[in-house]
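The values are calculated or read from the model by the stated rules, or taken from the named source; none is laboratory data. Small disclaimer: the values here were computed from a predicted structure and weren't measured. Don't worry about glycine lacking a Cβ; one is built from the backbone with ideal geometry, like all the others, and counts go over all protein chains shown.
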Amino acid sequence: MSYLKGTKTLILNQGSSDDMRESVRTYFHQTFSIEEKLYETLADDEAFYLRADALRHPLIFYLGHTATFYINKLNIAGIINERLNPSIESMFAVGVDEMSWDDLNESNYNWPAVHEVKAYRDKVRELVDSLISSLPLDMPISWNSPWWAIIMGIEHQRIHLETSSVLIRQLPLEKVRQLDFWDICPESGTAPENELGYVKGGSLKLGKSKDNPLYGWDNEYGVYETAVQDFKAGRYLVSNREYLAFVEAGGYLESKWWTEEGWNWNQFRNLGMPLFWQKDKNGSYSLRTMASLIPMPWDWPVEVNYLEAKAFTNWLAEKTAKNLRLPTEEEWYCLRDQAVNTDQPYWEKAPGNINLEYWASACPVNKFKHGDFYDVIGNVWQWMETPIYGFPGFEVHPYYDDFSTPTFDTRHNLIKGGSFISTGNEAIRDSRYAFRRHFYQHAGFRYVESDIPVTVHEELYETEPDVVNWCDAQWPADSITQKNYYTSIKELVQPALETAGKSSALIIGCKTGRTAFELTAVFNKVTGVDFTARHIKVATHMKESGRIRFVTAEEGEITSYRERKLSDYNLESLAAKVDFWQADAGNLNPRFTGYDLILVENNLTRTYNPAGFLSMIHERLNKDGVLIIADSYDWLNSEVESSKRIGGIRRDGEPVYSLAGISEMLSSSFRQLAEPVNAPLYLRKDSRNYDFSLLQFSFWKKL
C-alpha cells in the first residue's frame, strides 16, 4: 500500500487526453483508498459516532461527506442529473467546521450505520470511475472544464484526509489503533536553541492565473502585488521545548499575553497547555499523535492554535525586548521562495516532512534544512498573522460558491507551508487555507522580528441589501441594469455641461459613487456626499483600492459574489479627482460650496426639509452655476412628512406635482435651462426581480 503515499497533484496541461484520463483515474482511486486506510485506525464502529471535537461532527459524517461531495458537485456541474441516495446526500452535505468556540452545536442526527455509508461510498466510487471512462476530455483541464468538478472532488477528499486525522487524534486512545501504514517518526533528541536569521524582502506578486497547470481553489487566483521589507525569522519552528518555557512561566494564567479573543477562549477551554500534550501525576509529559501516546519529543514542533501562538509570541517579545510577532502571508512567501526552489508535484522527493513522503507524524525541527532555515515547508502548518482575503480579481467557482467567501471575515487566519499529512493541492506553493483562530490543525508556528505593522485586508463582501442594490445598480454588469442612467450620465447632463464651468461639481445623494466618478471626465474636481455612511464607505473603497465586492441575491437562499473594478469602466485614471463625504443634504456643512454644477441624485424626496434645501442651494453654486435635480418623486411618509413636501400633494384641493413645486421654490434664484428628460433606474431584488423607477432630470441655471 506504499504506493498510496507521496501521491502528487496532477499537472493538468500535460499529455494526451487518454493519458490524462488514466492519470485522473489513478489519482481518484489512490485518494479514495488512502482515506479509507485512515479510517482503519478506528478501533470499532462506535468510534465513528463519538464527537472528538464539540464543534465538529463525528467521523461518520466525514466518511459520508467526501463521497456525497462528488455527487453534489457533479449535479451542479450538469455532468449527471441523478442522485444515488438523496437522503444521504442531504445529511452529509454540509459540515459545522466554522463555528465559534463558545457556540456549541448540540444538533442530533440519526446517522446511518457504518456499513450503509461504506456501501454508498462504493457506489460513488463506481459511478465516478465510470464517468472518468466516458466523459469527453479536451486538454488541458482548466477552471471552465467539466472535469474540474471531478478534480475538485479529489482535492476536497484530500483536505479531509488531513482534517479527519486531526479529529482521530482527539478521540479516546482506546478508540484508535496504531497501524504500520501510519508510522510515527522514530527520531527525537535535544531541541536546538532557536535564533533569528535574516530574510530579504522585495517586490512580491501573489495569485495565479486561470491557465496555471495545477488545480486551485478560488482564493488562489487573482493578482496581488506588494513590497515586503527585510525582516528576521526564527530558523526553526517553535519546538515543544521552547514552548514549555511559556507554559512553565504561567503563560496560560496571565491575560496580558493574550488577545481578548484568545483570553476568553483560554478561560473557556482551561487547558493550561497545548491540546495534544498530556502530563502525568509525576510531572512527565507525553504527546498524543494520531493513534498513540508517546514520550514527549521535545525537539518536535509544538502544535497549537493561532491564539496560543500569538500569546507565546507576545510573551517572548517582552522577554527578549524584540519586535516579535507571527509572520504575514507575504513574509512567508519571501522566506519560502528564497529557501525552497521546487514545488509539489515537480520534486522527485519532498524536501521536507510533507506529502506523507516520510512519516504520519511530525519530526525534529532540525531534520529538514532549507538554506539557513528549517521546515520552511512541511512538518506542521505555520500560523500567519494574515486573515485570509480574496486577491484582486477573485471570483467564486460556480461549482463551489461558498468554499472561500464565508472565511473573508477577518476571523479566519491563514496557515502556510503544509504538514506531514498535507497532500494534493495542500502541498503546493500557491495553496491558501485558513481557519478560525481557535481551530486545531497539525499546525505550529515560527516567529519573525519586524517593526512593520501587519496589514489586515478588510475587503469584506458587502451584504446589506440597502447598500448592495446600489452597488449593483451603479456598477452593473448585466443587460438589465446597464439601462440605468448611471451608464449614460454624461449624456443626460449634457444641457448643463454646455453652459456650466468645469472646475468642480457636487453630487448630493451619491450612493456608492458612480456618477461622481463619471463626471471626473468633465470636471477638475468632483465631490460626492451621502447621508448613509455605508454608501460612502463603499465609494471611498472604490476610490482607494479600485474595486468593491458585494453579494447579490439570485433565487431564494442562492447568492452570488461580485467584484467590480474601476478599470471595468475605464475610470481608474480619474480616481484622484473625486472625494467622498458623509453629509446631511438638509444641513450641509459650509465647506460644500463654490461649485459649477450640483446634481441632486434621487435625494430630494429623502431630505427632511426639501423647501429649506431648495431655498439655500443657490448659495453653494458659483456664478452661472447649474443645478440638476434627478428624482422619481416617490414621497414617503417615513422620510418627509406631508406638510413639508413641495410636490405630490394637494393644495386648496388642487394637485401640485413635484416639478411645479421645484420650479416655484427655485424661481427667485434660477431659470429652467432645458426641458426635463427621463431616465430609468433599476434596483435589483434578485436575478429576475427589480424595482423600477423613472427619474426625471430637470435643469436649472443660477441667475
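A few notes on this one:
- Residues within segment 605-622 that are touching a residue at least 60 places away in the same chain (Cβ under 8 Å) and either part of a loop (DSSP other than H, G, I, E, B) or out of contact with any Phe, Trp or Tyr (no Cβ under 7 Å at 6 or more places or on another chain) (or both), tallied: 1
- Inter-residue pairs, beta-carbon under 7 Å, first closer than 19 Å to residue 91 by Cα and of a type outside the set (A, V, I, L, M) and in segment 43-63, second at pLDDT below 90 and assigned to a loop (DSSP other than H, G, I, E, B), 6+ apart: 56/96; 56/97; 57/95; 57/96; 61/92; 61/95
Residue-wise test of (1) within 24 Å of the chain's Cα centre (by Cα); (2) in contact (Cβ under 8 Å) with a residue 24 or more places away in the chain; (3) part of a helix (DSSP H, G or I).
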site	(1), (2), (3)
467	yes, yes, yes
486	no, yes, yes
496	no, yes, yes
505	no, yes, no
510	no, yes, no
518	no, yes, yes
529	no, yes, no
535	yes, yes, yes
540	yes, yes, yes
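- Only residues that are on the phi < 0 side of the Ramachandran plot, surrounded by 24 or more Cβ atoms within 10 Å (Cβ to Cβ) and free of Cβ contacts under 8 Å to residues at least 60 places away in the same chain were counted in segment 367-380, giving 2.
- Of all residues in segment 25-59 being within 18 Å of residue 159 (Cβ to Cβ) and among the aliphatic types (A, V, I, L, M), the one that is modelled with the lowest pLDDT: 55
- Selection within segment 29-51 - buried (at least 21 other Cβ atoms within 10 Å of the Cβ) and in a loop (DSSP other than H, G, I, E, B): 41
- Search result, residues across segment 622-645 that are farther than 20 Å from residue 485 by Cβ and crowded, with 24+ Cβ neighbours inside 10 Å: 625
- Selection within segment 205-221 - surrounded by fewer than 19 Cβ atoms within 10 Å (Cβ to Cβ) and in a loop (DSSP other than H, G, I, E, B): 209, 210, 211, 212, 213
- So residue 171, is it outside the structural domain of residue 441 (by TED's automatic domain parsing), surrounded by 20 or more Cβ atoms within 10 Å (Cβ to Cβ) and over 27 Å from the mean Cα position of the chain (by Cα): yes
- Selection of segment 139-173 for residues being in a loop (DSSP other than H, G, I, E, B), out of contact with any Phe, Trp or Tyr (no Cβ under 6 Å at 6 or more places or on another chain), farther than 30 Å from residue 292 by Cα and among the hydrophobic types (A, V, I, L, M, F, W, C) yields 139, 143.
- Filter result for residue 528 (modelled with pLDDT of 95 or more and touching a Ser or Thr at 6+ places or on another chain (Cβ under 9 Å)): yes
- Of the listed requirements (1) at pLDDT 90 or above; (2) surrounded by 18 or more Cβ atoms within 10 Å (Cβ to Cβ), residue 619 misses just one: (2).
- Members of segment 676-690 that are touching a residue at least 24 places away in the same chain (Cβ under 8 Å) and closer than 30 Å to residue 560 by Cα: 679, 680, 681, 682, 683, 684, 685, 686, 687, 688, 690
- Selection from segment 229-277 of residues that are at pLDDT 95 or above, among the basic types (Lys, Arg), assigned to a helix (DSSP H, G or I) and over 14 Å from residue 317 (Cβ atoms): 241
- Among the conditions (1) touching a residue at least 60 places away in the same chain (Cβ under 8 Å); (2) in the same structural domain as residue 415 (by TED's automatic domain parsing); (3) closer than 28 Å to residue 425 by Cβ; (4) hydroxyl-bearing (Ser, Thr, Tyr), the only one that residue 289 does not satisfy is (2).
- Residues located in segment 637-661, provided they are part of a helix (DSSP H, G or I) and either more than 20 Å from residue 694 (Cα to Cα) or touching a His at 6+ places or on another chain (Cβ under 6 Å) (or both): 642, 643, 644
- Index of the failed condition, residue 486 passing every other in (1) surrounded by fewer than 23 Cβ atoms within 10 Å (Cβ to Cβ); (2) modelled with pLDDT under 85: (1)
- Note on segment 404-424: among residues that are surrounded by fewer than 24 Cβ atoms within 10 Å (Cβ to Cβ) and out of contact with any strand residue (DSSP E or B) (no Cβ under 7 Å at 6 or more places or on another chain), the one that is nearest to residue 73 (Cα to Cα) is 404.
- Test: residue in segment 292-304 that is touching a Ser or Thr at 6+ places or on another chain (Cβ under 6 Å), within 25 Å of residue 42 (Cβ to Cβ), in a loop (DSSP other than H, G, I, E, B) and small (Gly, Ala, Ser): no
- Failed item in (1) surrounded by 13 or more Cβ atoms within 10 Å (Cβ to Cβ); (2) of a type in the set (Asp, Glu); (3) outside the structural domain of residue 441 (by TED's automatic domain parsing), with residue 260 passing the rest: (1)
- Selection within segment 435-446 - in a strand (DSSP E or B) and within 24 Å of residue 300 (Cβ to Cβ): 435, 443, 444
Rundown of residues vs (1) outside any loop (DSSP other than H, G, I, E, B); (2) crowded, with 24+ Cβ neighbours inside 10 Å; (3) of a type in the set (Phe, Trp, Tyr), yes/no style:
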residue: 319; (1), (2), (3): yes, no, no
residue: 333; (1), (2), (3): yes, no, yes
residue: 336; (1), (2), (3): yes, no, no
residue: 342; (1), (2), (3): no, no, no
residue: 346; (1), (2), (3): no, no, yes
residue: 349; (1), (2), (3): no, no, no
residue: 353; (1), (2), (3): no, yes, no
residue: 365; (1), (2), (3): no, yes, no
residue: 382; (1), (2), (3): yes, yes, no
